[in-house]
Amino acid sequence: MATKKKSKKAVKKPARKAVKKAAKKVSSKSRKVPPVPKGYHTVAPSLCFQDAAFAIDFYKHAFGAKESSRLTEPSGKLGHAEITIGDSRIMVSDEYPEMAVLSAKTLNGSPIRLNLLVANCDALMKRAIAAGATVIRPMQDEFYGYRSGVVMDPFGYTWAIMSQIAVVSPKEMQARWTKMLAAHKPESSAG
């Protein structure tokens, strides 16, 4: 029995060395590759659609998106694609229910709103509407220093299209918010 234990240890020790050596090689290689690829930001949204190819075309027309990559199954189903709107990259795919990848349409809407900051929010909102977006909130000047409006795309995602029109300090923003809430406070009824 002592011989078996020795042979197990003898096999494990060289195997551990090999694993450590391989890990060291991978680690040194990964140091040469940046953890966040060039052109990406730390957070990259990933949107899912019932027809991702159609969504990409819509975003090209509505927001001037540029497509940088696409992985397509032989059936035509889009496994992964990437588009860029302005300087922001968005990952796109068709639904994969077996992997819990579901679209906003399937989920009956999305709690996520995408904020699109641009130089001319009025022009981009008109462009989005012409491409098929629905107005949720018309364009207006906001207390926090932006002009913004909200649209819903044909796929169930909402987009706040906005441009900064004034620099408002956090202190001033809070004062304006508090004043606005007080003005809209419902009257209590005596009962």
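Quick note: the coordinates plus some simple rules give every number you see, no bench work behind them. Not measured: the values here are computed from a predicted model. So basically every Cβ, Gly included, is an ideal-geometry build from the backbone, and we count neighbours across all protein chains shown.
Quick look at the numbers
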item	result
All positions within segment 82-107 that are in contact with an Asp or Glu (Cβ under 8 Å, 6 or more places away or on another chain) and without any contact (Cβ under 8 Å) to a residue 40 or more places away in the chain	Glu82, Ile83
Scope segment 34-81; condition more than 22 Å from Asn115 (Cα to Cα), in contact with an Asp or Glu (Cβ under 7 Å, 6 or more places away or on another chain), outside any loop (DSSP other than H, G, I, E, B) and not polar (S, T, N, Q); matching residues	Leu78, Gly79
Ala128 vs. criteria under 23 Å from Asp87 (Cα atoms), assigned to a loop (DSSP other than H, G, I, E, B), more than 17 Å from the chain's Cα centre (by Cα) and not polar (S, T, N, Q)	no
Residue ID - farthest from Gln50 (Cα to Cα), chosen from residues in segment 110-125 that are of a type in the set (A, V, I, L, M) and under 21 Å from the mean Cα position of the chain (by Cα)	Ala119
Residue identified as surrounded by 15 or more Cβ atoms within 10 Å (Cβ to Cβ) and touching a Lys or Arg at 6+ places or on another chain (Cβ under 6 Å) among Asp94, Asp141	Asp94
Cβ-Cβ under 6 Å pairs, at least 6 apart or on other chains, segment 32-58 side within 17 Å of Gly132 (Cα to Cα), far side in a strand (DSSP E or B) and polar (S, T, N, Q)	Ala52/Ser93
Some residue of segment 67-78 being surrounded by 14 or more Cβ atoms within 10 Å (Cβ to Cβ) and either closer than 30 Å to Tyr146 by Cβ or in contact (Cβ under 8 Å) with a residue 40 or more places away in the chain (or both)	yes
Qualifying residues in segment 118-129 (those that are out of contact with any helix residue (DSSP H, G or I) (no Cβ under 8 Å at 6 or more places or on another chain) and not acidic (Asp, Glu)) - the one surrounded by the most Cβ atoms within 10 Å (Cβ to Cβ)	Met125
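The rows are residues; the columns are (1) in contact with a Gly (Cβ under 6 Å, 6 or more places away or on another chain); (2) of a type in the set (D, E, K, R).
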| site | (1), (2) |
| --- | --- |
| Arg89 | no, yes |
| Tyr96 | no, no |
| Gly109 | yes, no |
| Ile112 | no, no |
| Asn115 | no, no |
| Lys126 | no, yes |
